[in-house]
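Every read-out reported here was derived from the displayed coordinates using simple, explicitly stated rules and does not represent laboratory data. Small disclaimer: the values here were computed from a predicted structure and weren't measured. As a convention, Cβ positions derive from the backbone with ideal geometry for all residues, glycine included, and neighbour counts pool all protein chains shown.
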Amino acid sequence: MELSNKTAREIFEAVKANPARARFGFGNKAAIVNIDLQKAYTCVNEFKTAYETDQNQIHYINQINQLARAKKLPVVFTFVAYMNSAEDAGIWGTRTHTEDSLQNIKFGSRRSEFDDRLEVDRENDIIYCKKMPSPFFETQLQSLLVWHQVDTIILTGGSTSGCIRAAAVDSLSRGYRTIVPEECVADKHESYHFANLTDMALKYADVLPVQEIIHYLKK
């Protein structure tokens with residue numbers, strides 16, 4: 001194991017600055033998968049579970065989704081919510097039972113609502129409730145992507161070290177070119193955030209500046 005005194009941010013910046021690093025690249029058709037952009041995770045002044053890495057994250061996500069809709073590309077949103085009994089939360093969701101525990105994001109609660117700044121087309125966008133980190137786990141996402149003949153997935157939302165990473169691993173494992181706009185994902189601490197951006201960039205996805213994704217969608 002290589003030892004280093006560099007911070008997670010410094011390691012990520014070094015990886016990002018490497019011009020020889022190979023990319024998966026964009027394919028023929030993309031889908032946007034926006035993960036858990038709900039108040040439990042975005043309202044930093046209200047909930048302890050929320051986080052913000054880039055203050056313009058929601059603005060960028062809205063822009064990406066608007067461009068995708070204009071191109072007739074699938075725009076997917078996921079959120080997490082559980083029954084009052086929490087029997088659908090599984091061992092992961094019931095590990096703790098506090099006000100801020102995962103199992104206490106109940107259906108119809110403020111924690112389960114999408115961020116008010118988020119632009120969701122509830123008639124044409126696809127919305128899935130997921131119970132576990134990956135948006136692929138026991139949802140119809142895979143069938144949707146096959147139907148649309150998608151070969152590229154653009155991931156936004158959070159958290160970088162949790163659901164985004166899980167989505168990237170599952171996306172690559174299913175053969176999709178996976179793109180993560182750096183400014184469009186967030187986490188509680190920069191160490192987790194940048195360490196997982198590094199892992200994804202080296203193994204599972206192209207971690208790119210959001211302007212590259214915007215440029216791609218405008219083409």
Please state which one of 182, 190, 119 is in contact (Cβ under 8 Å) with a residue 24 or more places away in the chain, buried (at least 21 other Cβ atoms within 10 Å of the Cβ) and either within 29 Å of residue 48 (Cα to Cα) or among the hydroxyl-bearing types (Ser, Thr, Tyr) (or both).
182
Here the residues within region 80-101 that are out of contact with any strand residue (DSSP E or B) (no Cβ under 8 Å at 6 or more places or on another chain) and part of a loop (DSSP other than H, G, I, E, B) are 85, 86, 87, 94, 95, 96, 97, 98, 99, 100, 101
Condition test on residue 42, is it surrounded by fewer than 18 Cβ atoms within 10 Å (Cβ to Cβ) and over 25 Å from residue 218 (Cα atoms)?
no
If you go through region 123-178 one residue at a time, how many are assigned to a helix (DSSP H, G or I) and touching a helix residue (DSSP H, G or I) at 6+ places or on another chain (Cβ under 8 Å)?
8
Give me the pairs, please: first residue somewhere in region 29-48 and free of Cβ contacts under 8 Å to residues at least 24 places away in the same chain, second residue anywhere and part of a loop (DSSP other than H, G, I, E, B), beta-carbon distance under 9 Å, and either six or more positions apart or on two chains.
44/50; 44/51; 44/52
Consider residue 12 carefully, then state whether it is crowded, with 20+ Cβ neighbours inside 10 Å and over 27 Å from residue 106 (Cα atoms).
yes
For region 11-28, what are the residues that are touching a residue at least 60 places away in the same chain (Cβ under 8 Å) and part of a loop (DSSP other than H, G, I, E, B)?
21, 23, 24, 25, 26, 27, 28
